[in-house]
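Input: a single structure, listed below in structure tokens.
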Amino acid sequence: MEYKTILYDVADGIAKVMLNRPSQRNAQNEALILELDDALARAAADEQVRVIVLGGIGASFSSGHDMRLYKREDGSLYRAPNVEGRWDYERKTFYDKCLAIWDLPKPVIAQVQGHCLSAGLMLAGMCDIIVAADDAQFGDPVVRMGAASVELLLHPWLFGVRRAKEMLFTGDPIGAQEALALGAVNRVVPRERLEEETLALAQRVAKMPPFAVRMTKYSLNRTMDFMGFRNALNAHFDVHQVAHATSEIQALLDRARQEKEFKQFLADRDAPFREAKG
Ligand code: ZN
């Protein structure tokens, strides 16, 4: 597969996969999701690769799903024509592809700067280790537009349930230092040192015996499963689908359909919350 929306490079046992739509803040369109999935499978299959680094080119790691992903010619926001079509589409394209990262047999380190929002948070949250720049912002504002969070409810596992509730009930993001204090990221480094600090950590992990690392990851992930991780994610996916089909979300999206510029819709969505933000 030839990549148009990501960069892929292998050197010294480390595969670097970079989201490469900087002018869209690495918003994830379908091409990016499929290319990322292909690149990660490639890294998993490459015997030279010990560790995978997942990052984003430009100011942000990823601002979420590209909302144009959903836009149809009639101006409605969803590609799938009905509940069953959306369930299938989001299951295959979002949910399964994210969990494939979690299940990769090699360690994945997220290198996160700027916006890490909604589906961007899903991607970073699927990685084993997160190195954050001091300007990183972790958030999920989609409840503001009537959705029940994103497809993967990683938030309580990342931030603890109370902080996750506040984040989701207000739509306000969490900064890098607070994410560190909550145990949601491994370390925070100055933005200009992000790449070298992430690489240095990746190099250390790459020196470890690979099968032992693989089995340790497998066991840690199964520990999470015994705590209910995968079952909880699975249950939330269906709730997320219900929220896609409510009258409440339709009323909010009807406003979007009337907007000529989707950017304006997002600005309007966030405006009432901007002043309240402390
Ligand atoms: Zn969805």
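The values are calculated or read from the model by the stated rules, or taken from the named source; none is laboratory data. Here the structure is a predicted model, which is why all the values come from computation and not from measurement. Please note: Cβ atoms are built from the backbone with ideal geometry, for glycine as well, and neighbour counts cover all protein chains shown. Note: areas computed on protein heavy atoms with side chains; ligands, DNA, RNA excluded. Shrake-Rupley method; radii C 1.70, N 1.55, O 1.52, S 1.80 Å.
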Residue in region 128-141 that is farthest from the ligand (Cβ to nearest atom), counting only those that are touching a residue at least 60 places away in the same chain (Cβ under 8 Å) and open to solvent by 10 Å² or more (accessible area, probe 1.4 Å): I129
Residues of region 157-171 that turn out to be more than 23 Å from E248 (Cα to Cα), free of Cβ contacts under 8 Å to residues at least 40 places away in the same chain and surrounded by 16 or more Cβ atoms within 10 Å (Cβ to Cβ), as a count: 3
Whichever residue in region 1-33 is over 15 Å from the mean Cα position of the chain (by Cα) and of a type in the set (G, A, S) and, among such residues, is nearest to A44 (Cα to Cα): A15
Top-ranked residue of region 144-183 - restricted to ones that are away from the ligand (no atom under 16 Å from the Cβ) and acidic (D, E), ranked as farthest from W87 (Cα to Cα): E178
In region 142-156, the residues that are open to solvent by less than 20 Å² (accessible area, probe 1.4 Å) and in contact (Cβ under 8 Å) with a residue 60 or more places away in the chain: M145, G146, A147, S149, V150, E151, L152, L154
Output for region 198-230, where each listed residue is open to solvent by 50 Å² or more (accessible area, probe 1.4 Å) and under 16 Å from V112 (Cα atoms): L199
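For region 165-193, which residues satisfy the criterion of being assigned to a helix (DSSP H, G or I) and in contact with an Asp or Glu (Cβ under 9 Å, 6 or more places away or on another chain)?
Pass one, region 165-193, residues assigned to a helix (DSSP H, G or I): 165-170, 176-181, 191-193.
Scanning region 165-193 gives E166, M167, L168, A176, Q177, R191.
Search region 80-127 for residues being among the small types (G, A, S), buried (at least 19 other Cβ atoms within 10 Å of the Cβ) and within 13 Å of the ligand (Cβ to nearest atom), and hand back the single one that is farthest from R42 (Cα to Cα). Lay out the reasoning, then the answer.
Of all residues in region 80-127, those among the small types (G, A, S) come to 80, 85, 100, 110, 114, 118-120, 124-125.
Going one step further and asking which of them are buried (at least 19 other Cβ atoms within 10 Å of the Cβ), we end up with 110, 114, 118-120, 124-125.
Still in the list and also within 13 Å of the ligand (Cβ to nearest atom): 118-119.
Values: S118: 26, A119: 22 Å.
Ranking the candidates gives S118 first.
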Residue tally, condition more than 21 Å from L117 (Cα to Cα) and surrounded by 21 or more Cβ atoms within 10 Å (Cβ to Cβ), over region 17-39: 1
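Being in a helix (DSSP H, G or I) and β-branched (V, I, T) is the filter here, so list the residues in region 22-53 that pass it.
Step one: filter region 22-53 for residues in a helix (DSSP H, G or I), giving 22-24, 30-45.
Selection gives I33 alone.
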